[in-house]
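The values are calculated or read from the model by the stated rules, or taken from the named source; none is laboratory data. Bear in mind that the values here come from a model prediction, so they are computed numbers and not experimental data. Please note: Cβ atoms are built from the backbone with ideal geometry, for glycine as well, and neighbour counts cover all protein chains shown.
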Amino acid sequence: MPILSLLNPKGGSGKTTLSTNLARSFHERGERVLLVDSDPQGSARDWHAANDSNPLPLIALDRPNNVKTLSSMSTSYDWTIIDGAAKLEDMIAAAIKVSDLILIPVQPSPYDIWAASDLVDFVKARQEVTDGIPRAAFIITRMIEGTRLGQEVTAALGEYGFPVLTTRITQRQIYPQTASEGLSVFDGLNTKAVAEMQALTNDILTWAA
Ligand code: ADP
Ligand code: MG
């Protein structure tokens with residue numbers, strides 16, 4: 001079953017926030033989810049450890065060779081979600097190789113979008129030898145509520161040639177607040193955050209189909 005990686009070598013782009021909340025979102029729908037922490041920083045591990053009754057299984061992989069084992073492991077789950085590493089080229093390369101789908105979270109700033117260029121090239125190089133697999137899409141994160149996407153952001157993303165999922169994730173206190181207790185927005189009272197995470201889950205299901 002699909003392996004979905006959240007990848008962006010840039011720290012702070014929202015990989016761990018999306019990985020944990022998406023894992024929980026799929027779980028809420030009755031899907032069997034495996035969450036994989038591939039970042040030596042171990043943020044997803046810390047998140048998982050902060051909540052004794054976390055319903056999600058999590059494994060930590062810190063060697064590229066171990067990432068390969070996910071192909072066989074993923075058959076026991078409906079979704080395997082990999083929280084990507086920052087900066088480590090070989091961990092990101094291993095995740096690209098094992099994934100069916102790659103989501104690239106980017107903040108809506110030209111600097112963040114330009115910084116994704118190496119990753120885009122990396123993914124495209126893999127797609128060329130494997131008939132377009134993994135498929136890749138952008139997800140815009142940490143939008144300031146009430147603002148619009150700048151023209152330069154839209155134009156720069158368009159040039160990369162990957163789709164941009166329609167749902168945007170907003171900058172909201174509820175994300176770090178719930179994370180600090182090993183929880184997700186589904187445990188909080190912010191209905192907008194829940195709605196955007198559900199909308200993103202729907203986007204992914206449509207895109208992946
Ligand atoms: P990455 O894993 O890509 O380094 P994180 O998910 O850890 O990024 O996010 C970096 C920081 O920004 C964290 O403190 C996180 O709580 C915060 N953050 C991420 N997404 C949001 C959001 N949508 N709203 C508010 N804070 C966010
Ligand atoms: Mg992280």
- Message: Being within 17 Å of the chain's Cα centre (by Cα), within 16 Å of ligand 1 (Cβ to nearest atom) and part of a strand (DSSP E or B): is that true of L4 here?
- Response: yes
- Among I96, I102, which is under 16 Å from the mean Cα position of the chain (by Cα), at pLDDT 95 or above and either more than 16 Å from ligand 2 (Cβ to nearest atom) or not hydrophobic (A, V, I, L, M, F, W, C) (or both)? I96
- Item | Any pair with Cβ under 8 angstrom, 6 or more apart, that starts in the range 78-91 at a residue that is in a loop (DSSP other than H, G, I, E, B) and ends at one that is aromatic (F, W, Y) and more than 12 Å from ligand 2 (Cβ to nearest atom) | D78/F26
- Test R24 against the stated conditions and say whether it is part of a helix (DSSP H, G or I), among the basic types (K, R), buried (at least 20 other Cβ atoms within 10 Å of the Cβ) and within 16 Å of ligand 1 (Cβ to nearest atom). yes
- Item | Test for V153: is it crowded, with 18+ Cβ neighbours inside 10 Å and farther than 21 Å from S19 by Cα | yes
- Selection from the range 66-77 of residues without any contact (Cβ under 8 Å) to a residue 40 or more places away in the chain and either among the polar types (S, T, N, Q) or within 16 Å of ligand 1 (Cβ to nearest atom) (or both) yields N66, T69, S72
- All positions within the range 134-146 that are more than 17 Å from the chain's Cα centre (by Cα) and in contact (Cβ under 8 Å) with a residue 24 or more places away in the chain: I144, E145
- Kindly check whether there is at least one residue in the range 42-65 that is within 12 Å of ligand 1 (Cβ to nearest atom), more than 22 Å from L157 (Cα to Cα), over 12 Å from the mean Cα position of the chain (by Cα) and not in a helix (DSSP H, G or I). yes
- Message: Kindly evaluate T170 against the criterion of being in contact (Cβ under 8 Å) with a residue 24 or more places away in the chain and of a type in the set (S, T, Y).
- Response: yes
